[in-house]
Amino acid sequence: MIDKVDFFKINFGKYEINDIEGYKKLGGFQALEKSLNNGNEWIINELKSSGLRGRGGAAYPTGKKWCQASKVISSEKIIICNADEGEPATFKDRYLIQYEPYSIIEGMIIAALTIGANKGYIYIREEYKYLHKQTQCVIDICRTNGYLGHNILNTGLDFDIELFSGAGAYVCGENSSLIESMEGRSGQPRLKPPYIKQSGLFNLPTLVNNVETFSAATSILRRGAKDFTKYGTSHSKGTKLISLCGNVNKPGVYEVPFGITLREIIYSLGGGISNNRNLKFIQLGGSSGALLPSALIDVKYCYSELAEYGASIGSGAILVVDDSNSLLDFLISTGEFFWHECCGKCVPCREGNRQLLKLLNNFKVGKGTLVDLDTMETFSHVMKNASFCGLGKTAPTSLISSFRYFREEMENWV
Ligand SMILES: Cc1cc2nc3c(=O)[nH]c(=O)nc-3n(C[C@H](O)[C@H](O)[C@H](O)COP(=O)(O)O)c2cc1C
Ligand code: SF4
């Protein structure tokens, strides 16, 4: 049995959503108060020493990102909270929005203070419609209580937040496509540079962070980086929210310390494989993540060890797949997702996804050959190296990992 960890999940559901006083009683806005007292350098140093890395997938160090954003000179800057959460099997941001929304807003206010931003947006996915009203209500309560708007808490800081509903495209989670869609164009990624930290929404310097990143930053600044780094490993510090799903007895959102093994996650937290089946593989980080075979169940859940096996933390999704599932069907359904979600801007992704799906379907009807397997492997690597954005680069990850761990099974498709 592993110890329960709740570094920043601690307040989940412990106060009513319209009860800002309840949030304050649990330590709410203490991080903002400390930040106002200690100043920007302290905020950035705490975040740097906490080792917090962005929770949206790319794992960029948050302290470094805020530091870079603070150095850009502009009288107007924007902050965007990326609540698009379009990665299949990922639902941890939804929990934060539902059960701990004030911590997200507090994190955004502190980010605004740090980088000198005056306008913020929460870009929330259209499918979370049932949370829009509640989130708007929390924003309004924060404004009424002086935490948003003009001259926040008499500090001279002007910062307000607007809710923006996405239109339901996976690629719009990528920060430049997200900005394109906010400006009224179709969601397609921008050529970089210029990077959005210099020229983002409406050509203004823009900081984009994931929901969990803002919430974790609040908890770290409230409780101190030292408290956070009691958990985790030397390279992957602290804790992380995961969304555990698939063929497990107890799916859900859990907070885990980095360094926990996949076995502990699946068997201790998740209660084991459902229907007494055996584990076949685990997909980490959503549909854009790698498949790890059951033999790797004792691998540690942390950035460095997963990288050795071609996997990554990604969005924090952990999809458990039992031995009643067909690898081919799984890869076809992943392929259909990427073929559907590809924005069409570049050839490697647009054509690559189409061809991969066609070849996978050939195996389904008994027409695939060993040459087709080699072609799929080549196409996967071309897509990974030549696609314009992260969608095309990671679309073939599940296939690439299948070639690494399930080649023999794939050859039996012929
Ligand atoms: C295809 C694609 C989809 C993405 N979807 C999301 C998403 O839903 N939420 C998110 O926070 N980041 C998503 N990202 C990552 C963002 O581009 C960006 O790195 C992130 O929001 C930065 O925040 P962080 O530093 O806090 O992780 C996506 C990236 C790609 C390439
Ligand atoms: S990789 Fe795919 S999603 Fe990204 S720009 Fe190219 S076609 Fe669009």
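Classify region 20-228 from the C-alpha gyration tensor, please: rounded if a/c falls under 1.5, else prolate or oblate depending on whether a/b exceeds b/c.
rounded
Would you mind getting the Kirkwood hydrodynamic radius of region 327-411 from its Cα pairs, rounded to one decimal in Å?
12.5
In region 179-209, which trypsin sites (Lys or Arg not before Pro) fall in coil by DSSP and have 16 or fewer other Cβ atoms within 10 Å?
Arg185
So what are the ³J(HN,Hα) numbers for region 80-87, from phi and the Karplus equation (6.51, -1.76, 1.60; θ = phi - 60°), rounded to whole Hz, Gly and Pro as x?
Listing the rounded values in order: 10, 9, 7, 10, 6, 5, x, 6 Hz.
Of the accessible area of the chain, with the probe set at 1.4 angstrom, what percent is carbon plus sulfur?
50
Please list the radius of gyration and Dmax for region 1-84, considering alpha-carbon atoms only, with Å as the unit.
Calculated on Cα positions, Rg and Dmax stand at 15.8, 52 Å.
At 1.4 Å probe size, with no ligands or nucleic acids counted, give the accessible surface of Lys250 in Å², nearest ten.
Accessible area, nearest 10 Å²: 100 Å².
Quick one: what are the phi-derived ³J(HN,Hα) couplings along region 150-163, Karplus 6.51/-1.76/1.60 with θ = phi - 60°, whole Hz, x for glycine and proline?
7, 6, 3, 6, 6, 9, x, 7, 9, 7, 10, 10, 10, 8
Using modelled amide H (1.01 Å from N, peptide plane; none on Pro or chain starts), what sits under 5 Å from the amide H of Arg53, excluding residues fewer than 5 places away?
For Arg53, the qualifying residues are Thr62.
Taking H as built 1.01 Å from N, whose amide H comes closer than 5 Å to the amide H of Ala317, not counting residues under 5 places away?
Ser243, Gly285, Gly286
Send over the semi-axes of region 239-322's equivalent ellipsoid, whole angstrom and largest first, taken as the square roots of 5 times the C-alpha gyration tensor eigenvalues.
In descending order the semi-axes read 17, 14, 11 Å.
Could you report region 343-414's accessible area per residue, 1.4 Å probe, as an integer in Å²?
I get 50 Å² per residue for region 343-414.
Specify the residue with the greatest mean-square fluctuation among Phe164, Phe330, Phe258, computed from a Gaussian network of the chain linking alpha-carbon atoms under 10 Å apart.
Residue with maximal mean-square fluctuation among Phe164, Phe330, Phe258: Phe330.
In 10 Å bins starting at 0, how do the alpha-carbon pair distances of the chain split up by percent?
For the chain, the pair-distance distribution reads 5, 22, 31, 25, 12, 4, 1, 0.
Rank Gly173, Gly187, Gly39 by mean-square fluctuation in a GNM of the chain with C-alpha springs under 10 angstrom and give only the top-ranked residue.
Top of the fluctuation ranking is Gly39.
Using the Karplus curve 6.51 cos²θ - 1.76 cosθ + 1.60 with θ = phi - 60°, what ³J(HN,Hα) values do you get for each residue of region 245-251, in whole Hz, with x for Gly and Pro?
Listing the rounded values in order: 7, x, 7, 10, 5, 10, x Hz.
Kindly provide the helix-only [θ] at 222 nm of the chain, computed as the sum of -39,500 (n - 2.57) over DSSP H runs of four or more divided by all residues, to the nearest 500 deg cm²/dmol?
-12500 deg cm²/dmol
Could you work out the relative contact order of the chain? I mean the mean sequence separation of Cα pairs under 8 Å and 6+ apart, divided by the number of residues, in percent.
Here the relative contact order equals 16 percent.
Let me know the number of lysine pairs in region 327-411 closer than 24 Å at the Cα, not counting same-chain pairs under 8 apart.
Here the count comes out as 7.
Please list, in chain and number order, the residues 5+ apart from Leu291 or on another chain whose amide H is under 5 Å from its amide H, with Hs placed from the backbone.
Answer set, sorted by chain and number: Ser401, Ser402.
How high is the relative contact order of region 327-411, in percent, with contacts defined as C-alpha pairs under 8 Å that are six or more residues apart?
30
Excluding ligands and nucleic acids, what accessible area in Å² is computed for Trp339 using a 1.4 Å probe, to the nearest 10?
Ignoring ligands and nucleic acids, Trp339 comes out at about 130 Å².
Below 8 Å between Cα atoms, with a sequence gap of 6+, how large is the relative contact order for region 239-322 in percent?
Contact order relative to length: 37 percent.
Evaluate region 87-185: find the radius of gyration of its Cα atoms, find its Kirkwood radius, and give the ratio Rg to Rh.
0.98
The values are calculated or read from the model by the stated rules, or taken from the named source; none is laboratory data. Values in this document were obtained by computation on a predicted structure and should not be read as measured data. Every residue, glycine as well, gets a Cβ built from its backbone with ideal geometry; the counts of neighbours run over all protein chains shown. Calculation scope for accessible area: heavy atoms of the full protein, side chains included, ligands and nucleic acids excluded. Shrake-Rupley method; radii C 1.70, N 1.55, O 1.52, S 1.80 Å.
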